[in-house]
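Below is one structure; the comments refer to it alone.
The values are calculated or read from the model by the stated rules, or taken from the named source; none is laboratory data. Everything numeric here is computed off the predicted structure, so don't read it as measured data. When we count neighbours, we look across all protein chains shown, and the Cβ atoms used for this are built from the backbone with ideal geometry, even at glycine.
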Amino acid sequence: MTTAAFLMPMLALLLAPGPTNALVALSGAQGKQARLAPVVAVALLGYLAAVVPLALLGAQVVGRWPQAPAVLRLLAAAWLLVVAAGLWRAPATPADSPPLAVPGRVALRAVFLTTLCNPKALVVALVLLPAFGDPRFSSGLALFALTVIGSALVWGTFGTMLGAGPGGLRRTGLLGRAASVWLAFVSAGLAAATLTT
């Protein structure tokens, strides 16, 4: 597989709207551009914490417990629903914000756990990355990490631009509600797809 053949589906997957991108954009809208660095780093850690074990053990686990991917998807759907509810209840100002979504400061643990449960990690680990033991695995993992950083920066910058200037607080509140609805939609879709297969 050429680098371009690997990179194009990876970019398409990671740049597509999803739970992690929604939180990264919201963090950018609620904070400052300088605050994106820890959010991007936590998103990368979340993806690596999910992808590396899945790549190493995924095939064996699925071979032994064929229901494991379905259970993981249902757990991910439940977590996304929790985050969606937290975002929906979050007030437009920092005071009295719930711990999962603090306006002006999306909780880093929410970004990490949401990324850890992100269904995109399953696709990356079990479909896009070369198999563990393949000589291209290390370079594929490095390219994946760079793609995560790049896509998170794109979404974070989009959020920062959306939250800047007059009306930024109102747009940030709307983005929080939109992210909440999107996460609930992804959760429902993931659960429905898992339960009907």
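Data table
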| item | result |
| --- | --- |
| Long-range neighbours under 6 Å by Cβ, at least six apart or interchain, first residue among the basic types (Lys, Arg) within segment 124-140, second crowded, with 16+ Cβ neighbours inside 10 Å | 136/130 |
| Selection count, segment 122-149, where residues are within 19 Å of residue 45 (Cβ to Cβ), at pLDDT 90 or above, touching a helix residue (DSSP H, G or I) at 6+ places or on another chain (Cβ under 9 Å) and of a type outside the set (Phe, Trp, Tyr) | 7 |
| Any hit, segment 120-129, residues being part of a helix (DSSP H, G or I), farther than 29 Å from residue 56 by Cα and in contact with a Lys or Arg (Cβ under 8 Å, 6 or more places away or on another chain) | no |
| Those residues of segment 112-122 which are closer than 16 Å to residue 145 by Cβ and among the hydrophobic types (A, V, I, L, M, F, W, C), in sequence order | 112, 116, 121 |
| Filtered residue count, segment 159-197, keeping only those that are β-branched (Val, Ile, Thr) and in contact with a Lys or Arg (Cβ under 6 Å, 6 or more places away or on another chain) | 1 |
| Residue list for segment 1-25, filter: of a type in the set (Val, Ile, Thr) and within 22 Å of residue 189 (Cβ to Cβ) | 20, 24 |
| Odd one out for residue 52, checked against (1) in a helix (DSSP H, G or I); (2) touching a helix residue (DSSP H, G or I) at 6+ places or on another chain (Cβ under 7 Å); (3) in contact (Cβ under 8 Å) with a residue 24 or more places away in the chain | (2) |
| Selection from segment 26-72 of residues that are modelled with pLDDT of 90 or more, buried (at least 22 other Cβ atoms within 10 Å of the Cβ) and closer than 24 Å to residue 190 by Cα | 42, 43, 46, 47, 50, 51 |
| Identity of the residue in segment 34-54, under 15 Å from the mean Cα position of the chain (by Cα) and not hydrophobic (A, V, I, L, M, F, W, C), that ends up nearest to residue 124 (Cα to Cα) | 47 |
| Complete set of residues in segment 1-31 that are closer than 20 Å to residue 109 by Cβ and either among the acidic types (Asp, Glu) or not in a helix (DSSP H, G or I) (or both) | 18, 31 |
